[in-house]
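Colleague: The structure follows.
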Amino acid sequence: MGDDNNMDFVYRRNYRGKLKAIILDWAGTTMDYGCYAPAVVFVAVYKRKGVPISMEEARVPMGAHKKVHIRKISQLGSVSERWEEIHGRKPNEDDVDEMFADFVPLQLACLADYSDLIPGTLEAITRFRERGLKIGSTTGYLPEMMAMLKEEASQRGYVPDSSVCAGDVPAGRPEPWMCLENAKNLGVYPMESIVKVDDTLPGIDEGLNAGMWTIGLAKTGNEIGLNQEEIEALTADELQVKLEDAYQRMWHVGAHYVVDGIWDVPIVLDLIDERLSRGERP
């Protein structure tokens, strides 16, 4: 206990500078409109086990390390019950290991088919560079998958300054380690000078857990789960319903901002810079 002459103080420093870096997801954020590449392969590996799953079930844990993703699908009540009906028991870790072993070559075989950049990506990247931002990236893909995707992206004009995979750190999303590793690689701090952009809920959590600003992308990624042609085939009312649902899910997990796609991000960065200038923090 202190006396009147010995008080306890809490000091707080407020960063009032501008954003220094932006960390982007890959599938559904910068390339692969609708985040299809992993989803179709998750469906395929379960089919090999004789257990059909829907694209919606395949998408539920999207953003996690791929082996963790397979495990989380197996833990869904609907999938676990279907598995038990077919195999007479619940799925176990050996099943997860076997499906993950199937997943890797299947994903590598089809990644290039889903490597087109989402419209507006290069223009947004140019805007980020003009602001002086360093660009990092995080992903649930494995290093050998990222090597392929980075090559495809480079051929299309997108080269981030840092790329970190879930396998490069102790644990993937929603834990913050990939974001923090990017910050280290980029030489950027404090964490409130960095913004995380992602189309998945675990990806938003990842940024929040790292103490960063977060921007969710509702239209181009996993939450709606449709490619550009499928989006354009919707009626205005159908699209509005899907967008409202996706926006609400992202707000619910705590995203600071939610927009349709990466093309909207530069405007949001202005808003974040204004908040930083007032001493606000994520």
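The values are calculated or read from the model by the stated rules, or taken from the named source; none is laboratory data. These numbers were taken from a predicted model, which means no experiment stands behind them. We place every Cβ from the backbone using ideal geometry, glycine too, and count neighbours over all the protein chains shown.
Colleague: Looking at region 98-111, which of its residues are farther than 26 Å from Val265 by Cα and either in contact with a strand residue (DSSP E or B) (Cβ under 9 Å, 6 or more places away or on another chain) or not β-branched (Val, Ile, Thr) (or both)?
Modeller: Matches in region 98-111: Glu98, Met99, Phe100, Ala101, Asp102, Phe103, Pro105, Leu106, Gln107, Leu108, Ala109, Cys110.
Colleague: Within region 153-187, count every residue that is of a type outside the set (A, V, I, L, M, F, W, C) and either not assigned by TED's automatic domain parsing to the domain that holds Gly136 or not in a helix (DSSP H, G or I) (or both).
Modeller: Count: 14.
Colleague: (1) buried (at least 19 other Cβ atoms within 10 Å of the Cβ); (2) closer than 29 Å to Glu151 by Cβ: which one isn't true of Arg48, the others all being true?
Modeller: Condition (1) is where Arg48 drops out.
Colleague: Kindly evaluate Gly77 against the criterion of being out of contact with any helix residue (DSSP H, G or I) (no Cβ under 8 Å at 6 or more places or on another chain) and assigned by TED's automatic domain parsing to the domain that holds Thr214.
Modeller: So Gly77 fails the test.
Colleague: Only residues that are of a type in the set (A, V, I, L, M), in contact (Cβ under 8 Å) with a residue 40 or more places away in the chain and farther than 14 Å from Trp251 by Cα: list them for region 192-219, please.
Modeller: Ile194, Val195, Met212 - these are the residues of region 192-219 that are of a type in the set (A, V, I, L, M), in contact (Cβ under 8 Å) with a residue 40 or more places away in the chain and farther than 14 Å from Trp251 by Cα.
Colleague: Okay, moving on. State the number of residues belonging to region 146-161 that are more than 19 Å from Asp199 (Cα to Cα) and crowded, with 20+ Cβ neighbours inside 10 Å.
Modeller: Residues in region 146-161 being more than 19 Å from Asp199 (Cα to Cα) and crowded, with 20+ Cβ neighbours inside 10 Å: 0 in total.
Colleague: Then there's this: Would you confirm, using the coordinates I've provided, whether Asn14 is at pLDDT below 95, polar (S, T, N, Q), part of a loop (DSSP other than H, G, I, E, B) and within 30 Å of Ile194 (Cα to Cα)?
Modeller: yes
Colleague: Quick check on this structure: which one of Gly120, Gly136 is at positive phi and surrounded by 13 or more Cβ atoms within 10 Å (Cβ to Cβ)?
Modeller: Gly120
Colleague: Which of the residues belonging to region 33-71 are closer than 18 Å to Cys165 by Cβ, part of a helix (DSSP H, G or I) and out of contact with any His (no Cβ under 8 Å at 6 or more places or on another chain)?
Modeller: Of everything in region 33-71, those that are closer than 18 Å to Cys165 by Cβ, part of a helix (DSSP H, G or I) and out of contact with any His (no Cβ under 8 Å at 6 or more places or on another chain) turn out to be Ala37, Val41, Lys66, Lys67, Val68, His69, Ile70, Arg71.
Colleague: Could you give me the residue pairs with C-beta distances under 9 Å whose first residue belongs to region 34-55 and is under 16 Å from Val96 (Cα atoms) and free of Cβ contacts under 8 Å to residues at least 24 places away in the same chain, whose second residue is surrounded by fewer than 21 Cβ atoms within 10 Å (Cβ to Cβ) and among the aliphatic types (A, V, I, L, M) wherever it lies, and which are 6+ apart or on separate chains?
Modeller: Val43/Met55
Colleague: All but one of (1) of a type outside the set (Lys, Arg); (2) in contact with a Phe, Trp or Tyr (Cβ under 9 Å, 6 or more places away or on another chain); (3) over 23 Å from Ile262 (Cβ atoms); (4) surrounded by fewer than 22 Cβ atoms within 10 Å (Cβ to Cβ) hold for Asp94; state the number of the condition that does not hold.
Modeller: (2)
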